[in-house]
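To start, the structure itself, in structure tokens.
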Amino acid sequence: MGKGKKLVALVIALAMVATMAVGCSGSDDADTTDGGSDAVVIKLGIGAPLTQGAVALGQGIENGAMLAIDDFNAKDLGVEVKPFVVDDQGDPKTGVNVANQLTSDPDVIGVVGHLNSGVSIPAAAVYNEGGIVQVSPASTNPQLTLQGFDNVFRTCTIDPVQGAFAADAAFNTLGLPTAFVVDDSTPYGEGLVDEFVKAFEAAGGTVAGREKTSDKDTDFTALATKINAAAPAAVYYGGVYNAGALFAKQLREGGSDAAFFSGDGVYAQDFIDLAGAANAEGMYCTSVGLPLDQQPQGADFQAKFDAAYPGEGIQAYDTYSYDAALVILSAVEVAIDEVGAENLTSAEGKAAIIAAVAATDIEGVTGAISFDENGDTNNKAITLYVVKDGAWAPN
Amino acid sequence: MGGSKMDIKTKIASGPIPLWKWIMYAVIMVIVVAAPIYFQSVQNFFFVRIFAVVGIYVMLSLGLNIVVGYAGLLDLGYIAFYAMGAYVGIILGFKLPEVFGSGFEPWTFWTLLPVAALAAAGTGIALGTPVLRLRGDYLAIVTLGFGEIVRIALNNNIFGITNGAKGLPGPGQRIPTPAGMEWAKANLSFGDFAFSKDLFWYYLIVVLCLATIFVVRRLDDSRLGRAWVAMREDEVAAASIGISITTTKLWAFSLGALWGGVAGVTYAYWVGFISPESFNFMESVLVVCMVVLGGMGSIPGAVLGAVIIAALPEMIRYFAQSPLLAGVLTTDQANLASQYRYLVFGAAMVIMMAFRPQGILPSQRRAMELHPEDEKTLAEENQQIWDVEHHTDVDNDLL
Amino acid sequence: MPLTRVLVGARGSTKAFPLISLEQLEETGETQVSIATIGQQLVNGVTLGGMYALIALGYTLVYGILLMINFAHSEMFMGGAFVGLFAFGWLDNYEFFTGSGFGIALMFLMTFVISGVVIGLLGVLIERVAYRPLRHAPRLAPLISAIGMSIFLQQAVLLWITPRQVPFPNYLPAGSYEIAGISINNIQIMIIGSSIILLIILDTFVSKTRIGKAMRAVSQDREAATLMGVDINRVIAVAFFIGPALGALAGIFSGMYYGSIKFDMGFIPGVKAFTAAVIGGIGNLRGAMVGGFLLGIIEALAAGFLSSGYKDVVAFAILILVLVFKPSGLLGESVVEKV
């Protein structure tokens, strides 16, 4: 019974172990080859979902932060920044593990991340313990900066701002009196919908119904039929583009012509591609900040991005991720003057970086960046987008 | 771990414990106690965290081992008890200081540890009662359904106390720090070595794991433990010699659930944030994998299974991205290697099962038992006996 | 035209337990439910159920013969969708297939066959590599092997194809028909029609052909079947070909119906289909079909008239009830305990 097969499997297993062993033994003397240049090497952590969850947005966060790192290294300040990219899979437990991986590397002086609020919130406690700064480009749940940590910041604005903006746009601007709200059972989606409902009802709108779905669901046909029967003027979805696109598609194909509204989680080209351009046409979403072409340095960023990642599209948080990295790296520049380049990775250096981030007052791609006492950005711009000719366009 | 006790079974099976085993246990104990201190002192928080995570899974694995390994009931919803412990612990944790005043805060965790455990055990009985009649895989799917029901109920903010998908603690809520933590932080830090929160929880988890091992070990040799084994091997025969199947199954469910609850409340207070997405079906599956991969019904097996499954993917990622390999792999290659970890992990599970279908460290008692699955062996033995009795092995073509 | 009025509970209030309660009824008032809405939900449910049934057959075939839960079966569904994507992409290059109605029909047929055969062979391969060495192992060992295989296949697609959710083409001409206020579109007709036809073919295959009879014999009593001269390896290989092939077709249907596919798309339908197989009585082909359609309908009605957030709770609660009152499923034969 399968002796040969077992042998083959054994050989493969041994080969795997051997590769690992060779890898380990080879590394002892390898460290020395690295220190060729005189520059002090520090690392910037980048945490985002790269293999599971909202991968398109996660890869965008990585891309944006990488650009900022390249810009910093081009300045040649005697400090070389290396990226330390970790994949949080959009999962809280993995998120805390990778957060510890980052704090365990003494060279890591700060973290750009994470995407999901559910990941950022528990990870923040780890960064706080480790004494390094965390700047999230995308976590919009208010709880993140309300935990009493002085090292946690974000360059995107928060759900109450976004939910209220969407409610205002739906009720006042577009004159939609009733809304059916649906969330994806994630801290992000549920939080956003809560805020939308609060503001929509305060404005005088009627919530025709509220339903929960899962971010891993594929079948929304029954819900679509139900919504269709309730005939609301608008449907508000709190969630990310993966499931959101399926929901939007099934809603339209189920015959509903209610205005579709959502948050920054669907502000990605993938949403339109997955829902089908015809279905997505005319759907709305709000996203943090100004549209790229209205952002102060939007055109520059576009040019840089196209040069570095030809053929890839800019995703929702790329500029926020760039700015998050920029905030940390600008703080590094301040800290170099204060404590000296060689002390950046000491506890003192990391504390100086946190202090410098808190005092940030710079022009980023997304506009002027400064933080309030919680660590939330003072740039509270939100834009309403609509799908026009198969692409998101500012309304 | 836990090898110091000897009993009739081990005596019969292997005589006195050989010296190498004593040495091995001693080495393991030293690693368990000393390694995190070392990692903490070199600021490697990741390893401290992984050690503690593994500890939580060791508890879960040992708890599920009672249900799956001893009693032979496949439970695919075990994580529900873990969730129950975590949520009961956290929700009551907000209430207790309100009732007894804020001076009670440090004692909240210590009070709730047994409470959460009992709540989980109670849930185990509540689930176990209606489904006891079910066998094998029917039971598995029902427990799976139960686990999903619990998760979805938490997600839907059931009774308005779980804060839905947003998780706990919500705005304005705070998880109390247990008594002892501040003392340890203040008195056990020397120079550069800071006794951290994670280290405190780690040692607490180790103590709880040892307690679990002790209890499970005693159960194994008890009347109840033997009843489980008898029931697992043949329910009808077990019932016929006077074992109450209902009671025995309920004990298995509730005792297994108990340890799930202990692990849950500990995890919740340690991490300080829980949300329903942490208690999904895949977690249940992973715990089952730990038990089976390690060797069903075997305590060292359950521990080893937990260590492998909880730590292996994390270790692959860590080493791929660690400075150790910085000269060998470029950043891109390191990221790629860390992305392959689950692929390797999946393949490793298949390969390991092919080599050791009974698990890596199977229980000696199970190994000695007859398995109805071993039809081939049985058939061969029967054939041999028949051959011997009828002398067919000699020139049977002639007859 | 409201033909009937049914009282329905609050629609997923998050503040309290959102099943039917009197206060909530007063708060939210009544919801008008027309026959048309119920009919529409039935169409939704039957479509979903058709896919569940196709997947459930794979679980039940393997379980009937090997008494193991083939956890990797959900990846056959996912793999089928990806092979289907590539097959469509390849055939799309040829004018012949896209030009005419006949060409499109042929393209569908070829895609189904390619995906079915590729995934069917993959199923056979997996059995050889991962399960056959474990045939005499303790019962849970193959389960773990299957879980490992499932993780491996998902990761393989993630790493070597794409981690993203990708659009799936739909060559079926758009079109929907409305009968008494119930609308049904071409894809739904195709899914419901093909699943029923495939189920009938399989049922005939198992009851009429020689190998089908052998399969039933093996599932009843493996040893006795072996003694009667049934080649058990062949029977297992056939089961491991048919199950995954049907799962692959369900994957293509799913891709066309929902418009996109992803490496982890198999997980939830896999769990649901397994549930369906158990409701119907695992090991029983007709049971899997009944269970699949039933589960799809239950889910649609629960989401449509109770709460979308609790639809899985309703599905699992019904599962538990079925098993409590009929421990071997709806159509399962009660096994007489061998003493």
query: Among the residues of the range C:101-111, is there at least one that is among the polar types (S, T, N, Q) and either surrounded by fewer than 15 Cβ atoms within 10 Å (Cβ to Cβ) or in contact with a Pro (Cβ under 7 Å, 6 or more places away or on another chain) (or both)?
result: no
- request: Look through the range B:204-227, keep the residues that are surrounded by fewer than 20 Cβ atoms within 10 Å (Cβ to Cβ) and not hydrophobic (A, V, I, L, M, F, W, C), and return whichever of them is farthest from residue B:50 (Cα to Cα).
  value: B:223
query: Quick one: is residue A:362 modelled with pLDDT of 85 or more and under 19 Å from the mean Cα position of the chain (by Cα)?
result: no
query: Could we say that residue B:80 is hydrophobic (A, V, I, L, M, F, W, C) and either out of contact with any strand residue (DSSP E or B) (no Cβ under 7 Å at 6 or more places or on another chain) or free of Cβ contacts under 8 Å to residues at least 40 places away in the same chain (or both) here?
result: yes
- line: Across (1) surrounded by fewer than 24 Cβ atoms within 10 Å (Cβ to Cβ); (2) part of a helix (DSSP H, G or I); (3) free of Cβ contacts under 8 Å to residues at least 40 places away in the same chain, residue A:161 clears everything bar (3)
Selection status of residue B:196, modelled with pLDDT under 90, of a type in the set (S, T, N, Q) and more than 26 Å from the chain's Cα centre (by Cα): no
- prompt: Any idea which of (1) closer than 24 Å to residue C:323 by Cβ; (2) touching a residue at least 12 places away in the same chain (Cβ under 8 Å); (3) within 14 Å of chain C (Cβ to nearest Cβ) is the one residue B:66 doesn't satisfy?
  reply: (3)
- request: Take the residues in the range C:259-295 that are more than 23 Å from residue C:150 (Cα to Cα) and outside any helix (DSSP H, G or I), then tell me which one is modelled with the highest pLDDT.
  value: C:259
Hey, residue C:133 touching a Lys or Arg at 6+ places or on another chain (Cβ under 7 Å), over 30 Å from residue A:243 (Cβ atoms) and either without any contact (Cβ under 8 Å) to a residue 60 or more places away in the chain or assigned to a strand (DSSP E or B) (or both) or not: yes
message: Residue pairs, Cβ under 7 Å, 6 or more apart or interchain, first in the range B:41-63 and within 11 Å of another protein chain (Cβ to nearest Cβ), second among the acidic types (Asp, Glu). List them.
response: B:45/B:198; B:48/B:198; B:49/B:198; B:50/B:314; B:52/B:198
- prompt: So which residues in the range C:287-302 are facing chain A (nearest Cβ under 8 Å) and surrounded by 24 or more Cβ atoms within 10 Å (Cβ to Cβ)?
  reply: C:299, C:300
query: So which of B:319, B:273, B:281 is surrounded by fewer than 23 Cβ atoms within 10 Å (Cβ to Cβ) and in contact with a Pro (Cβ under 7 Å, 6 or more places away or on another chain)?
result: B:273
message: Need a quick list: helices (runs of 4 or more DSSP H) entirely within the range B:299-399 having at least 2 residues that are more than 12 Å from every other protein chain (Cβ to nearest Cβ) and at pLDDT 60 or above.
response: B:299-321, B:364-368
message: Quick check on the range A:182-217: of everything there that is surrounded by fewer than 24 Cβ atoms within 10 Å (Cβ to Cβ) and β-branched (Val, Ile, Thr), which residue is nearest to residue B:151 (Cα to Cα)?
response: A:197
message: For the range A:218-233, give me each residue that is outside any loop (DSSP other than H, G, I, E, B) and crowded, with 24+ Cβ neighbours inside 10 Å.
response: A:221, A:222, A:223, A:224, A:225, A:226, A:227
query: Is it the case that the range C:80-91 has a residue that's within 14 Å of chain A (Cβ to nearest Cβ), buried (at least 24 other Cβ atoms within 10 Å of the Cβ) and not hydroxyl-bearing (Ser, Thr, Tyr)?
result: yes
message: Restricting to the range A:294-345, give me the number of residues that are in contact (Cβ under 8 Å) with a residue 40 or more places away in the chain and either surrounded by fewer than 18 Cβ atoms within 10 Å (Cβ to Cβ) or not aromatic (Phe, Trp, Tyr) (or both).
response: 32
- request: Only residues that are more than 8 Å from every other protein chain (Cβ to nearest Cβ) and either buried (at least 24 other Cβ atoms within 10 Å of the Cβ) or not β-branched (Val, Ile, Thr) (or both): list them for the range C:303-314, please.
  value: C:306
- request: May I ask you to list the residues in the range A:207-245 that are facing another protein chain (nearest Cβ under 8 Å), touching a Phe, Trp or Tyr at 6+ places or on another chain (Cβ under 7 Å) and β-branched (Val, Ile, Thr)?
  value: A:213, A:218
- request: From (1) at pLDDT 90 or above; (2) within 13 Å of chain B (Cβ to nearest Cβ), pick out the condition that doesn't hold for residue C:143.
  value: (1)
query: Any idea which of C:122, C:172 is within 30 Å of residue B:291 (Cα to Cα), away from every other protein chain (no Cβ under 12 Å) and within 22 Å of the chain's Cα centre (by Cα)?
result: C:122
- prompt: If you check residue B:142 against the conditions, is it closer than 18 Å to residue B:250 by Cα and either at the interface with another protein chain (Cβ under 7 Å from one of its Cβ atoms) or among the β-branched types (Val, Ile, Thr) (or both)?
  reply: yes
Odd one out for residue A:172 among (1) outside any loop (DSSP other than H, G, I, E, B); (2) of a type outside the set (Asp, Glu); (3) closer than 27 Å to residue C:300 by Cβ: (3)
statement: Screening B:258, B:286, B:250 for residues that are assigned to a helix (DSSP H, G or I), at the interface with another protein chain (Cβ under 9 Å from one of its Cβ atoms) and within 16 Å of residue B:75 (Cα to Cα) leaves only B:286
- prompt: Counting just the residues of the range B:125-139 that are free of Cβ contacts under 8 Å to residues at least 12 places away in the same chain and at the interface with chain C (Cβ under 7 Å from one of its Cβ atoms), which one comes out surrounded by the most Cβ atoms within 10 Å (Cβ to Cβ)?
  reply: B:138
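The values are calculated or read from the model by the stated rules, or taken from the named source; none is laboratory data. Only a predicted model underlies this, so the values are computations on that prediction, with no experimental measurement involved. Note that each Cβ is placed from the backbone with ideal geometry, even for glycine, and that neighbours are counted across all protein chains shown.
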